Amino acid sequence: MVLWKHGGGRPNDESESILVNELSALNQLHHHHLAIDSATSSTRSASSTTGATDDNNAIRPTMGRIRIPSLNSRLARYSTSWLFVSGFFLLVLILFSNYDNNNHHHQEASLPAQMHSYDGQKVSIPSTAASLTGSTTEDGIALQVMRIGSSDYHHQHRNNNDYGHGYNIEYEGKSKRKGTNSIADLFKNTECMKDEEYSSHTVKKIFELPLAGLFKDTKGEKKFEASSIVKVGDNFYAVCDNSWALSKIDASLTPFSSGNVLIGDPNREEEDSGYEAIFHFNKTFYVIRESVEHITETVIFVEGKKHHHGHDKHEKHGKHEHHNEKKNANETIIGGEVVNATNVTNVPNETRSVIDGAKNETTNDTSQASGDNQKIVTNSSFHAIIEELIIDDDESDYKIAEQCSTEFEFEGDSKGFEGAFGMPGSDGQFYIIGLCEGNFCSETRKFDAGNGQMIMMKKTITGSNCIWETVKMIPIPKSAYFRDYSDIEVRPNGKVAITSQEDSQLWVGQLLGVAKGIIDPNVIAFDEQKFDLYDFPKSYGCQTVYCNIEGITFISDEMIMAVSDKMKKHGKQPYWCLEKDQSVHAFILP
């Protein structure tokens, strides 16, 4: 007998027909056995009243009214009883299945799917419901879709590819057998499922591992807020903005390997390093502190004082300038006094300069800078600091060869240089090109997408002072339409990669004026027509999971290595950003 096996849906018409036919056949068989049994009983009853003779004409004793049922008769009764009991339970099961489906259908409208966007806000996604009957429902979301497609279930089970387990959901497509439902149907209304070219513009993950799992000795560090990475020979070197150590990573990327080491003291200074960029040239690592407050005390000399009658000493000499007017471009009005303000770097007398809280004093002749005609004004500005580091032979520590500030000034300490590269110029000068994190190199206009800037600099040394002087600004093409810019890497052939943390994207293009690792400072610019824009992989629900890509370097022209910063706290980023943060990732370009 063929019975329908419950698999999450109702039996079709064919299985119902088979069941009815078999029930009918069993019923006929039952009546046939009853007829035979009735005839046998009649014969035996007659024999019991009249007696029976055998071949020897002997009289057999009568059996009375006691009748022993035949074996076939008993089996027929048991089969019939089992059939009706199982049929009853089958009927109850079918009715329950219908009720359950109808109940799920009524619940669909009251159970909207909630997906989380990158910024953590809940966004309703009109998913396709896969009902238990094997059909799809466009106007609601079934319970199993809520369980599989919801952001909570999805991100708790992101590594479990068997989303169809328990739901009779089968994959379908070319070269695959058709099923009642496709996993694609569950998410077909998401942006990624609508994107037929998803694989052609999304980099593919090759390998990734949390940075903490690479080092045999973490030197007490638990946080690895990675911000930039560079490939030098067969090794990679990364910096973290919370640590003063350099992270050396062996190309094998072996966990807890002695080949992966932290170089230098992570706590070299009390504050965080603010390291946001690293590159290498001529056995020297150039590491850039994003933007540091520079506090400068300026000596100013008073040339005249305001009189209560509205005239100053200039007026006594026949000059009629108003006391609120400047005498020349170097003069200013402070407290009603006409003063000559000169920056400390140009004052031949006593000068004091405080940079980043560290006070440096240079004392000269103070005879002209004493008395009532002297004032000191404190100014604050924000500049990046470029450190030149040389690693010791045993790779346990590094030495600071030089520290120089940049001439370029930022608006604050949070949106400075986020990436950089350096190359010798065709004129013999060494150039550093810094990538501004914010659009327009600004904090107030940082999210005005598509207005990225790079600053080209060269080092100028005056006496014991050094500064990275601004040469020119290089605009980034509008095709890199990013809300922020997190790192840059340039190959010797001019192939360039720029990442965005906010947009979780990678822009690959071409720099003109770069050949064989040499820059032509008069030509360098982006090729506006030659570029590719890539996404970092999304989750199954099309959510951004590579939320904090901050560093990028080329492994080859077709492969890249990236590092991720720590996820933002206090609800600034959704919880699933934690999985990929503080990690190293390898990708291959489409």
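Strands (runs of 3 or more DSSP E) fully within the range 386-446 that include at least 1 residues being loosely packed, with under 15 Cβ neighbours inside 10 Å and not aromatic (F, W, Y): 398-410, 417-424.
Listed here are the residues, each with its yes/no results for (1) under 15 Å from L262 (Cβ atoms); (2) open to solvent by 40 Å² or more (accessible area, probe 1.4 Å); (3) of a type outside the set (D, E); (4) modelled with pLDDT under 85.
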site: S175; (1), (2), (3), (4): no, yes, yes, yes
site: K188; (1), (2), (3), (4): no, yes, yes, yes
site: M193; (1), (2), (3), (4): no, yes, yes, no
site: E196; (1), (2), (3), (4): no, yes, no, no
site: V203; (1), (2), (3), (4): no, no, yes, no
site: G213; (1), (2), (3), (4): yes, no, yes, no
site: G220; (1), (2), (3), (4): yes, yes, yes, no
site: E225; (1), (2), (3), (4): yes, no, no, no
site: I229; (1), (2), (3), (4): yes, no, yes, no
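The residues in the range 563-590 that are open to solvent by less than 10 Å² (accessible area, probe 1.4 Å) and over 27 Å from T190 (Cα atoms) can be counted, and the count is 3. For the range 229-241, residues that are free of Cβ contacts under 8 Å to residues at least 40 places away in the same chain and part of a loop (DSSP other than H, G, I, E, B) total 2. I'd like the residue in the range 494-513 that is in a strand (DSSP E or B) and closer than 20 Å to V471 by Cα and, out of all such residues, is least open to solvent (accessible area, probe 1.4 Å). The residue in question is L511. Filtered by the rule that a residue be open to solvent by 70 Å² or more (accessible area, probe 1.4 Å) and not in a strand (DSSP E or B), the range 449-473 gives G463, S464.
Run down E191, E271 and say which single residue is over 22 Å from I498 (Cβ atoms), of a type in the set (D, E, K, R), touching a residue at least 24 places away in the same chain (Cβ under 8 Å) and out of contact with any Phe, Trp or Tyr (no Cβ under 7 Å at 6 or more places or on another chain). Please lay out each step first, then the result.
On the way: E271 fails: touching a residue at least 24 places away in the same chain (Cβ under 8 Å).
The unique qualifying residue is E191.
Quick check on my filter: what residues within the range 546-558 are in contact (Cβ under 8 Å) with a residue 60 or more places away in the chain and surrounded by 14 or more Cβ atoms within 10 Å (Cβ to Cβ)? Steps first, please.
Quick first cut of the range 546-558, residues in contact (Cβ under 8 Å) with a residue 60 or more places away in the chain only: 547, 549-555, 557.
Those that are in contact (Cβ under 8 Å) with a residue 60 or more places away in the chain and surrounded by 14 or more Cβ atoms within 10 Å (Cβ to Cβ): C547, I549, E550, G551, I552, T553, F554, I555.
When you check K516 against the structure, is it touching a residue at least 24 places away in the same chain (Cβ under 8 Å) and open to solvent by 40 Å² or more (accessible area, probe 1.4 Å), yes or no? Here the answer is yes, as K516 does meet what is asked. Output the residues belonging to the range 519-536 that are closer than 20 Å to C192 by Cα and open to solvent by less than 20 Å² (accessible area, probe 1.4 Å). If the condition is that a residue be closer than 20 Å to C192 by Cα and open to solvent by less than 20 Å² (accessible area, probe 1.4 Å), then F536 is the only one that fits.
Checking the conditions here, which among E437, E469 is under 25 Å from E387 (Cα atoms) and within 24 Å of the chain's Cα centre (by Cα)? Working first, answer last.
Numbers: E469 fails: within 24 Å of the chain's Cα centre (by Cα).
Going through E437, E469 in turn, the sole match is E437.
The values are calculated or read from the model by the stated rules, or taken from the named source; none is laboratory data. Please read all numbers here as calculations on a predicted model, not as lab measurements. So basically every Cβ, Gly included, is an ideal-geometry build from the backbone, and we count neighbours across all protein chains shown. Just the protein is used for accessible areas: all its heavy atoms, side chains included, with ligands, DNA and RNA removed. Shrake-Rupley method; radii C 1.70, N 1.55, O 1.52, S 1.80 Å.
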